[in-house]
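Notes follow once the structure below has been shown.
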Ligand SMILES: Cc1cc2nc3c(=O)[nH]c(=O)nc-3n(C[C@H](O)[C@H](O)[C@H](O)COP(=O)(O)OP(=O)(O)OC[C@H]3O[C@@H](n4cnc5c(N)ncnc54)[C@H](O)[C@@H]3O)c2cc1C
């Protein structure tokens, strides 16, 4: 079960997140999900995991090739939660989820908070708990971004890899920014566009 949320401008202003305010009005900042099981190691029993996902992170990772051989994997450094804005968004949405789970309507089914526990209340402790257990939701993208070569781009506007003539990338790796959504539909869109570009070349 998922829901999406656009964070209030007042909150975003308070943390200096102009980039998030300037996002298209139909782009969301947060994806809220309810999992019917526990995800924190050591917590067993009758658990649910309400989690919030930062759909449009400001932190940027990088990929480094360490060999000319295609059999040697590159090093992917995601830099999750490196940006103070992402950290503030994570704390904010954690508190929101906690509020939802302790609301009167949930009180008949929620017995207690298994992790990190009601004693964890300061922003610093909440962030530490998030950093200790946060994880991606498998929407990797942007490792061969379509942008200027000087800015670290890998493909041009026709999906052609810089420095080559006939090599295209057509998958979720070409997004220069994360499209504030799960990746499957945007990846299909790239595939459709790539097919048109290749046909037009023939
Ligand atoms: C567990 C999980 C859950 C997800 N849930 C959702 C969801 O609910 N909604 C959503 O929108 N998205 C979801 N995603 C994300 C979505 O599946 C991916 O973003 C999307 O599939 C990316 O498409 P892609 O074409 O870039 O890569 P892929 O779909 O990974 O396609 C890459 C293809 O290349 C092939 N390949 C790799 N190496 C080689 C090689 N050397 N030679 C030949 N072929 C090769 C692979 O076998 C694969 O078929 C999920 C992803 C995961 C992992």
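The values are calculated or read from the model by the stated rules, or taken from the named source; none is laboratory data. A quick note: this is a predicted structure, and the numbers were derived from the prediction, not measured. With ideal geometry, Cβ positions are generated from the backbone for all residues, glycine too; neighbour counts draw on all protein chains shown.
Working only within segment 159-169, note down all residues that are out of contact with any helix residue (DSSP H, G or I) (no Cβ under 8 Å at 6 or more places or on another chain), away from the ligand (no atom under 16 Å from the Cβ) and part of a loop (DSSP other than H, G, I, E, B).
163, 164, 165, 166
Can you pull out the residues in segment 31-47 that are free of Cβ contacts under 8 Å to residues at least 24 places away in the same chain and under 21 Å from residue 182 (Cβ atoms)?
35, 36, 37, listed by residue number.
Of the numbered conditions (1) within 22 Å of residue 90 (Cα to Cα); (2) surrounded by 14 or more Cβ atoms within 10 Å (Cβ to Cβ); (3) away from the ligand (no atom under 13 Å from the Cβ), residue 112 fails exactly one; give the number of that condition.
(2)
Within segment 170-184, can you find the residues that are more than 6 Å from the ligand (Cβ to nearest atom) and either over 14 Å from the mean Cα position of the chain (by Cα) or assigned by TED's automatic domain parsing to the domain that holds residue 5 (or both)?
170, 174, listed by residue number.
Please specify each residue of segment 172-192 satisfying the condition of being out of contact with any helix residue (DSSP H, G or I) (no Cβ under 6 Å at 6 or more places or on another chain), farther than 17 Å from residue 59 by Cα and assigned to a loop (DSSP other than H, G, I, E, B).
Of everything in segment 172-192, just one residue is out of contact with any helix residue (DSSP H, G or I) (no Cβ under 6 Å at 6 or more places or on another chain), farther than 17 Å from residue 59 by Cα and assigned to a loop (DSSP other than H, G, I, E, B), namely 182.
Taking residue 28, is it part of a loop (DSSP other than H, G, I, E, B) and touching a residue at least 60 places away in the same chain (Cβ under 8 Å)?
For residue 28, the condition - part of a loop (DSSP other than H, G, I, E, B) and touching a residue at least 60 places away in the same chain (Cβ under 8 Å) - is met.
Where residues in segment 50-68 are more than 16 Å from the chain's Cα centre (by Cα) and loosely packed, with under 15 Cβ neighbours inside 10 Å, which of them is nearest to residue 115 (Cα to Cα)?
64
Of all residues in segment 128-148, which are away from the ligand (no atom under 16 Å from the Cβ) and either in a loop (DSSP other than H, G, I, E, B) or farther than 17 Å from residue 58 by Cα (or both)?
Matches in segment 128-148: 128, 129, 132, 133, 134, 147, 148.
Got a sec? Which of 125, 201, 151, 156 is more than 12 Å from the ligand (Cβ to nearest atom), outside the structural domain of residue 59 (by TED's automatic domain parsing), at pLDDT 95 or above and out of contact with any helix residue (DSSP H, G or I) (no Cβ under 6 Å at 6 or more places or on another chain)?
156
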